[in-house]
Amino acid sequence: MQLVKTMHHVGGVERGSLARLALTGVLSLINEPGRWRSRLQYGASVNRTEFKESPIFIVGHWRSGTTYLHELLSQDPSVAPATVWHTMSPRSFLAIRCLRRLYARFLPDRRPMDSVEVTLDASYEEDAAMAALSPLSFFNCLYFPAQAERLFRQAVLFEDVDQPLVERWKRDYVWFLKAVTLDSGGRRLVLKNPPNTARIRTLLELFPDARFVHIYRNPYVVYPSTLKMRLSTIRRFGLQRTTAEAVERQVLSDYISLMQAYFDQRSLIPPDRLVELRFEDLEADPIASVRHIYQALDLSGYARAQPAMSEFVESQADYRKNQYVLDDKTRRRVEEHWGFTLDRWGYEPPGPALQQPGAADAGECSKVA
């Protein structure tokens, strides 16, 4: 069990979190026969699986609209996303379909950070799968928040980590994507994973013909939204204690590292394989934005996908965003630390009342467990 192995390198867990760790252990034991069956029944097939077309990678900082764009593009019947089901049992999902109903019982009804409905077939980010396959996953920053700064450098930036471990990550990542491709009948993968924003060089090494969509959003909105996401997720899944102040420092620092890594590497992507999209434009006209993506990346199938995409957009029309006040402290923090993206993208403060998709205020506690 990868989570337990990682625990030995991050100083253990808090006593109050042992129940969460025990639940993970129970799920792992339930899953163990499926791993062996999957290896025997599907291992050779996964290894032989080829990518007929390189993946489409959606990148961008957390809370920048990556999930909405992923769900929208996934309406195209010619592509396939990684799903919650794939990431819950990455080594065995091919062999344990009979356990889907059992696994569904462990899912929350909605995501803690934005109240978006959670189902096994919902599109999801593959770094969740990598948390079970490799020590290098951003999710470890949420499980072990006391070590989040070091884990972020290693797992997201591939800094201060032995090269053999990075090579193992590459092998495990490609293996997982092959398994998803096999499960999806060979369809082209459309993937969203915020940590990949800093891994452009590695992704191009693995998939030289990959397409990329970078979505970005007003940093004045991204900052409080990301902070709420981190705090609410750590409260639910964290195995160590931390403070809201420490998480706030990490959010500010991680954004700088992630976006600077992207800006340093974006020139490696051929211009005809990259689209950069403002979330505000996507929100204002989703179908026009998707049409632009298909045209700019020379993707086929838009005409067939458009009706399902329009239906999805209509289904989201009643979604309500929470409101909160953009106070002077938040404004100053964003301008002081993230001014380089404000200048690059030309964003201004959006006004005294911000719309933010998310849950209740996450900043009321000094301790987070």
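The values are calculated or read from the model by the stated rules, or taken from the named source; none is laboratory data. The shown structure was predicted, so the numbers you read here are calculated from the model rather than taken from an experiment. Note that each Cβ is placed from the backbone with ideal geometry, even for glycine, and that neighbours are counted across all protein chains shown.
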- Task: For residue 84, indicate whether it is within 25 Å of residue 318 (Cα to Cα), surrounded by fewer than 22 Cβ atoms within 10 Å (Cβ to Cβ) and either among the basic types (Lys, Arg) or at pLDDT below 80 (or both).
- Result: no
- Message: residue 148 - would you say it is outside any loop (DSSP other than H, G, I, E, B) and farther than 23 Å from residue 260 by Cβ?
- Response: no
- Query: In this structure, does residue 229 turn out to be in contact (Cβ under 8 Å) with a residue 60 or more places away in the chain, within 24 Å of residue 333 (Cα to Cα) and in contact with an Asp or Glu (Cβ under 9 Å, 6 or more places away or on another chain)?
  - Reply: yes
- Message: So for segment 211-230 (the condition being out of contact with any Gly (no Cβ under 9 Å at 6 or more places or on another chain) and closer than 23 Å to residue 50 by Cα), does at least one residue qualify?
- Response: yes
- Count - residues of segment 142-157 that are touching a Phe, Trp or Tyr at 6+ places or on another chain (Cβ under 8 Å) and closer than 26 Å to residue 55 by Cα: 3
- Item | Residues (in contact with a Gly (Cβ under 8 Å, 6 or more places away or on another chain) and surrounded by fewer than 24 Cβ atoms within 10 Å (Cβ to Cβ)) located in segment 135-162 | 142, 146, 147
- Message: Yes or no: segment 156-171 includes at least one residue that is more than 25 Å from residue 273 (Cα to Cα), in contact with a helix residue (DSSP H, G or I) (Cβ under 6 Å, 6 or more places away or on another chain), in contact (Cβ under 8 Å) with a residue 12 or more places away in the chain and not charged (D, E, K, R).
- Response: yes
- Message: Can you pull out every residue in segment 276-320 that is without any contact (Cβ under 8 Å) to a residue 24 or more places away in the chain and exposed (fewer than 12 other Cβ atoms within 10 Å of the Cβ)?
- Response: 284, 288, 295, 303, 307, 314, 315, 317, 318, 320
- Task: Please work out which one of (1) of a type outside the set (Asp, Glu); (2) within 17 Å of residue 75 (Cβ to Cβ); (3) modelled with pLDDT under 95 is the condition residue 302 fails and give its number.
- Result: (3)
